[in-house]
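Chemist: Can you read through this structure? Questions will come right after.
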Amino acid sequence: MFGLGDQKGYPENFLDGMGILAEIFEDRGARLVGFTSTEDYSYDSSRAERGDQFCGLGIDYETQGSKNKERVNAWVKKLKMEFN
């Protein structure tokens, strides 16, 4: 999964939508893949957190748009490894 958020404008619920969907999927027996580090983000709380990782890729076009290409490329590489 991936989620879009604005960590500066909505720091109290950054990527919550991704976390809500993850909970629904997990409740129905899904196994989530593609977890990414919460490092290098600045926010107060997120329902997408699983320890020190997000339950998918977090994209913040507003605050960190310059990092999106690098993050997406790293995430796709990680997903390919998880499925091999």
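Chemist: Stretched out fully, how many nm does the piece from residue 67 to residue 24 gain, at 0.36 nm a residue minus the Cα gap?
Modeler: Contour length minus the Cα-Cα distance gives 12.6 nm.
Chemist: Okay, moving on. State to the nearest 20 debye the size of the charge dipole of the chain about its Cα centre, where the only charges are +1 on K and R beta carbons and -1 on D and E beta carbons.
Modeler: Result for the chain is approximately 500 debye, rounded to the nearest 20.
Chemist: Putting +1 on Lys and Arg Cβ atoms and -1 on Asp and Glu Cβ atoms, find which of 58, 36, 76 reaches farthest to the positive end of the dipole of the chain.
Modeler: 76
Chemist: Still on this structure: Mind running the shape call on the chain? Use the C-alpha gyration tensor, a ≥ b ≥ c as the square roots of the eigenvalues: rounded below 1.5 for a/c, prolate if a/b tops b/c, oblate otherwise.
Modeler: Oblate, since a/c reaches 1.5 and b/c is not below a/b.
Chemist: Below 10 angstrom from the Cβ of residue 15, what's the summed charge of the other residues (Lys, Arg +1; Asp, Glu -1)?
Modeler: -3
Chemist: Right, here's the next one. Which of the peptides 68-75, 13-20 is most tightly packed, and how do the rest follow, going by the mean number of other Cβ atoms within 10 Å of each residue?
Modeler: Going from most to least packed, we get 13-20, 68-75.
Chemist: A further question follows. Distance between the C-alpha centers of the stretch 1-42 and the stretch 46-84? Whole Å please.
Modeler: If we compute the Cα centre of each part, the gap is 9 Å.
Chemist: Quick one: net charge around residue 79, please, counting Lys, Arg +1 and Asp, Glu -1 for every other residue with C-beta under 14 Å from its C-beta.
Modeler: Around residue 79, the surrounding residues sum to +4.
Read-outs: derived from the displayed coordinates by stated rules, not from any lab. As the structure is a prediction and not an experimental result, all values here were calculated from the model. Glycine also receives a Cβ, built like all others from the backbone with ideal geometry; neighbour counts cover every protein chain displayed.
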